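What follows is a set of notes on a single structure, which appears directly below.
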Amino acid sequence: MLTMKAYKWILLFALWLLSVSSNGRELCNRTEVKAPLGSSVSLPCTISSNGSNWVKWSHKYEKDEAGVELVDLSSKGLINFLDPRSGRVKIFPNQFSEMNYGIIIDELKDSDMGSYYCKQNNECFEVKLFEDEGEQFSEETCGKDFCETYQIPATLGSSVLLPCNFDTGAFKWVTWVHLEKGDMVRLSSEGRVDFQNPRSGRVKAFPNQALDGNYSTVIDELKSSDLGSYCCKQRSNCLRVELLGGKSTLSPAMQLLIYSSGGVAALILISLFGYYCWIKFKQGEINGSTA
């Protein structure tokens with residue numbers, strides 16, 4: 001049977017283990033959120049007590065040990081921006097009375113990833129923000145068997161339209177990807193554009209048409225490296241475009257014959273012109289000698 005002294009030592013040992021496991025950091029209610037770069041993300045925070053103290057949002061990037069304070073919020077609707085990130089941090093003071101202190105970050109960047117902390121008194125919420133890299137496209141995920149497929153011939157050096165239409169709905173991103181070279185451009189139903197590989201400005205997008213569900217893109221000055229299979233995907237919706245090099249109406253042998261004939265014709269013309277000049281020169285000599 002344990003004595004009172006033994007219970008005391010067990011309790012102290014348990015408290016020591018708790019302090020070691022927390023590594024000296026404040027324990028917070030944790031949640032994880034994923035969002036793609038270029039999109040908007042909501043970071044939740046609901047405080048149970050409607051105290052007079054400020055609610056403080058801070059951010060700790062994985063590569064930055066110090067962390068950054070973002071914004072201070074009060075239940076009276078007061079706001080103190082410390083790092084608004086060029087206006088990308090959005091708050092909703094009309095919800096403070098309901099103890100909802102969530103924030104939104106627009107146009108997500110890689111530097112926005114990491115841990116966010118929402119604190120007031122002894123309450124703490126940690127939101128771990130990860131980049132949503134989306135679905136990895138391949139022949140299996142964008143195959144001809146279950147994706148509507150188009151074959152489009154195009155001439156090198158020209159412009160080509162890659163068609164894609166989906167029903168509009170909730171805020172969703174559509175991704176255009178070359179199955180061999182990776183993502184090309186991402187479009188949202190709210191008219192946002194995130195170029196992954198603009199190909200020196202040759203890839204054109206039309207965000208005003210995306211509002212109507214038209215996510216078509218254009219590639220200018222088509223190169224041989226642009227040819228291949230493209231996939232336009234929005235969650236369970238997909239459309240595949242096979243971009244083929246346009247066939248010339250003349251065979252290579254015929255083109256060579258034409259080029260060769262042109263060269264021979266030019267040589268004959270030059271020879272005839274030289275012969276004509278030589279005849280004229282001789283006639284001039286004869287006329288000069290008779291005179």
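Here, each number is a calculation from the coordinates, and none is a lab measurement. From a predicted model like this one, the values you see are computed outputs, not experimental measurements. FYI the Cβ positions are ideal-geometry reconstructions off the backbone, even for glycines, and counts take in every protein chain you see.
Below is a table of values for the structure above.
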item	result
Principal axis dimensions, the range 80-228 - Cα atoms, whole angstrom, descending	66, 30, 28
Packing rank of 149-159, 28-38, where each peptide gets the mean count of other beta carbons within 10 Å, highest leading	28-38, 149-159
Value in Å of the Kirkwood radius, where the range 25-131 supplies the Cα pairs that are averaged	13.9
Calculated FRET value between ASN121 and PHE206, using beta carbons and R₀ = 51 Å, to 0.05	0.55
Alpha-carbon Debye profile of the range 148-245, log10 I(q)/I(0) at 0.24 Å⁻¹	-1.33
Neighbour-count order for VAL203, VAL68, fewest beta carbons within 10 angstrom listed first	VAL68, VAL203
Cβ-Cβ FRET estimate between GLU180 and LYS109, R0 fixed at 30 Å, reported to 0.05	0.60
Sorted peptide list for 87-94, 102-109, 139-146, 114-121, criterion being average Cβ within 10 angstrom, highest first	114-121, 102-109, 87-94, 139-146
Length gained when the stretch VAL193-LEU244 is fully extended (0.36 nm per residue, less Cα-Cα span)	15.8 nm
